[in-house]
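Student: Just passing along the structure, written as structure tokens.
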Amino acid sequence: MKRQSMRTRLALTATLIGTHAAMAGTDTWFIPLTESAPVTDPSSAAELTSPWVTPAGISQKNIVSLREVEDQVLSYGQSIGRAANLGTGASMFDMIAYDPTGSYLFIPHESQWGAGVTRYDIYNNFAELIFQGDGQGENGDFSNDFGAFDPCRWTPNNTVIAGEEWSGTGRIVEILNPLAPAGEIESRVLESIANVSHEGINFSKKVDDTIYFVDENNSGSIYKFVMSAPGDYTKGQTFVLSVDGFTGIASENWNSATNAPAARTGEATWVALTDEDGVPLPGISDPFVDDFEDLEARAGRTAADDAGGTPYGRPEDMAVSKLKNGHEVIYFTATSEKTVYSVEMLGGKGRKNRNGNKAIVRTFISDDSPKNLGFDATTASLDSPDNLAIDALGNIYVIEDAPNSSSTGGDIWFVRDTDNDGVGESLDHFMSIRVDGCEATGMIWNPVVPTEFSVCVQHPDSTDLANVPDGLGDAVWMFNVTHIEDEKFVKQLNKAKAPFGE
């Protein structure tokens with residue numbers, strides 16, 4: 001593809017940023033796998049050329065890896081995030097984001113300190129580290145450092161946000177000019193977004209003033225931020241989701257003796273933590289505290305507990321879509337529960353209440369759900385569901401936080417929800433990875449080429465060059481489904497508008 005000028009790309013970005021697909025689930029479009037892949041040795045031929053076991057007709061190719069960039073630093077001037085003294089956890093490619101033209105990928109680094117964002121120019125095969133902390137988190141000083149950037153999103157304002165999960169203080173950083181030369185990048189911390197263990201964070205597709213996010217903890221809750229003015233991320237009101245029938249204790253883990261039998265599905269209410277100016281309400285702790293002395297603290301979690309936010313088992317990624325009835329829905333993984341939930345928004349009146357303060361929480365899919373329904377059975381189980389992805393037709397894919405140290409590969413699953421009601425009918429075994437010591441992260445469909453998607457290989461053994469000197473390391477692989485047997489599905493994809501931002 002001929003390279004577009006920066007001005008052309010920015011103009012196209014402005015045109016595309018507001019578009020997204022009309023969501024509706026399809027039937028299963030592939031023959032599901034029947035087992036998870038066995039893990040291979042570090043830097044084996046399988047890791048280097050075809051780390052994924054896939055259904056027939058799906059191509060895979062490596063588009064960027066830690067080794068490739070670092071081998072070309074001197075000759076081509078590339079750069080990429082690798083934090084000091086962290087072995088396999090030094091780079092940690094995580095939940096990547098496309099720009100709306102499909103020309104760039106933004107790769108967040110989930111390293112314990114020195115977290116940053118690398119911008120990868122796909123068509124010119126060029127990687128640049130555009131943002132990174134000063135690395136002093138290694139010494140316990142996060143005043144100018146960041147840790148564990150897990151989520152990365154392109155925003156409707158043509159900026160990029162990245163969030164701290166298990167390290168740092170639970171901040172959201174906004175890169176204000178993500179397509180600028182690396183030396184001219186400007187950023188800010190969004191002090192209006194509650195400090196939690198950030199992973200799933202996304203923008204409403206129905207209203208222009210709402211951001212949804214989760215707290216990745218075993219007593220983690222679901223939040224929304226409603227801007228005082230559309231497009232202004234610096235001021236607004238924060239809410240936490242509380243299931244009406246929940247009778248447990250908000251501050252305890254989801255599976256404590258009190259909480260295990262308590263209802264966490266059904267009708268729910270968005271309970272305010274602050275007023276419309278972001279001021280904490282009476283009896284609610286300040287959710288916007290950067291506690292550099294206690295790096296385990298997350299002020300937003302304390303505020304949610306004060307308000308009775310319902311706890312879930314490590315909410316991780318989040319996706320936003322809409323149901324057949326037209327209502328907005330958010331999906332979130334609960335890793336510790338081996339479950340994915342759907343939350344249907346019930347509309348209200350007025351600009352600030354178009355999605356309402358009421359919702360319905362349902363189990364979308366879980367390890368107890370039917371698997372490969374109507375096909376040969378699989379021996380695999382849903383283990384630690386972590387990330388989510390949406391294709392241009394609204395189908396949801398679930399990516400496992402595995403294999404890590406296991407000898408059995410981690411899997412990606414397709415959720416069959418043909419009636420698009422927020423409850424899946426079957427969990428179909430889609431792909432399996434066989435790279436030693438890794439996990440798959442950041443699956444995302446291309447907003448311009450709807451038959452194409454990318455997935456990261458995170459923290460494989462081969463990232464640690466002390467043990468694997470010629471290791472490929474963290475990498476991004478690109479897949480294309482153009483040549484699958486189900487030609488109808490390919491035609492449907494190509495006609496659909498991509499669900500940009502997922």
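Student: Give me the percent of the accessible area of the range 29-125 that comes from carbon and sulfur atoms, probe 1.4 Å, all protein chains in place.
Tutor: Carbon plus sulfur share of accessible area: 51 percent.
Student: Let me ask something else. For n ≥ 4 DSSP H runs only, could you compute -39500 (n - 2.57) per run for the chain, divide by its residues and tell me the 222 nm figure to the nearest 500?
Tutor: Calculated from helices alone, the mean residue ellipticity at 222 nm is -2000 deg cm²/dmol.
Student: Further question on the same structure: Based on the alpha-carbon set only, what is the convex hull volume of the range 403-502 divided per residue, in Å³?
Tutor: 137 Å³
Student: Just the number please: accessible area per residue for the range 229-283, 1.4 Å probe, all protein chains included, in Å².
Tutor: Result: 46 Å² per residue.
Student: Do any trypsin sites (Lys or Arg not before Pro) in the range 222-303 lie in a DSSP loop with no more than 15 other beta carbon atoms within 10 Å, and if so, which?
Tutor: LYS235
Student: Which whole-percent values make up P(r) of the range 188-308 when all C-alpha to C-alpha distances are grouped in 10 Å steps starting at zero?
Tutor: Pairs per bin, as whole percents: 14, 45, 32, 8, 0.
Student: Work out from phi, with θ = phi - 60° and the Karplus expression 6.51 cos²θ - 1.76 cosθ + 1.60, the ³J(HN,Hα) of each residue of the range 28-42, listed in order in whole Hz, and give x for Gly and Pro.
Tutor: Karplus values, whole Hz, x for Gly and Pro: 5, 10, 8, 8, x, 5, 10, 6, 6, 6, x, 7, 9, 6, x.
Student: From the phi of every residue in the range 51-60, what ³J(HN,Hα) in whole Hz does the Karplus formula 6.51 cos²θ - 1.76 cosθ + 1.60 yield, where θ is phi - 60° and glycine or proline is x?
Tutor: Ordered by residue, 3J(HN,Hα) equals x, 10, 8, 10, x, 4, x, 9, 8, 9 Hz.
Student: Next up: Taking the radius of gyration and the Kirkwood hydrodynamic radius from Cα positions alone, what is the Rg/Rh ratio for the chain, to two decimal places?
Tutor: Value, to two decimals: 0.94.
Student: Can you pull the three principal axis extents for the Cα set of the range 255-391, in Å, largest first?
Tutor: That gives 56, 41, 30 Å along the principal axes, largest extent first.
Student: How fast does the range 123-264 diffuse by Stokes-Einstein, in µm²/s, taking the Kirkwood radius from C-alpha pairs at 20 °C and 1.002 mPa s?
Tutor: Once the numbers are plugged in, D ends up at 127 µm²/s.
Student: List the pairs from LYS206/LYS358; LYS205/LYS488; LYS205/LYS324; LYS206/LYS324; LYS206/LYS491 whose alpha-carbon separation is above 20 Å, in the order I gave them.
Tutor: LYS205/LYS488; LYS206/LYS491
Student: Project the alpha carbons of the range 59-195 onto their principal axes and report the range along each, largest first, in whole Å.
Tutor: Over the range 59-195, Cα extents along the principal axes are 38, 36, 31 Å.
Student: Ordered by packing density, taken as the mean number of other Cβ atoms within 10 Å over each peptide's residues, highest first, how do 434-445, 404-415 rank?
Tutor: So the order, starting with the most tightly packed, is 434-445, 404-415.
Student: For the range 432-502 and the range 98-152, what is the separation of their Cα centres, given in Å?
Tutor: 19 Å
Student: Rounded to whole Å and sorted largest first, what semi-axes of the equivalent ellipsoid does the C-alpha gyration tensor of the range 355-438 yield via the square root of 5 times each eigenvalue?
Tutor: After scaling each eigenvalue by five and taking roots: 25, 16, 12 Å.
Student: Residues of the range 42-144: accessible area per residue at 1.4 Å, in Å²?
Tutor: Accessible area per residue: 36 Å².
Student: Peptides 26-34, 482-490: what's the order by average Cβ count within 10 Å, highest mean first?
Tutor: With the highest mean Cβ count within 10 Å placed first, the list reads 26-34, 482-490.
Student: Still on this structure: If you take the Cα Rg of the range 252-327 and divide it by 2.2 N^0.38 Å, with N the number of residues, what do you get?
Tutor: The reported ratio for this selection is 1.33.
Student: Evaluate the Debye formula for the range 153-201 with equal point scatterers sitting on the alpha carbons, no solvent, and hand back log10 of I(q)/I(0) at q = 0.15, 0.16, 0.20 Å⁻¹, in q order, two decimals.
Tutor: Per q value, in the given order, log10 I(q)/I(0) is -0.40, -0.45, -0.67.
Student: Shifting gears a bit: Take the solvent-accessible surface of the protein heavy atoms, probe 1.4 Å, and return the percent of it on the range 440-494 that carbon and sulfur atoms account for.
Tutor: 47 percent
The values are calculated or read from the model by the stated rules, or taken from the named source; none is laboratory data. Note that the structure is predicted; figures quoted are calculated from it, not measured. Here the Cβ is made from the backbone with ideal geometry for all residues, glycine too, and neighbour counts use every protein chain on show. These accessible areas exclude ligands, DNA and RNA; they are computed on the full protein's heavy atoms, side chains included. Shrake-Rupley method; radii C 1.70, N 1.55, O 1.52, S 1.80 Å.
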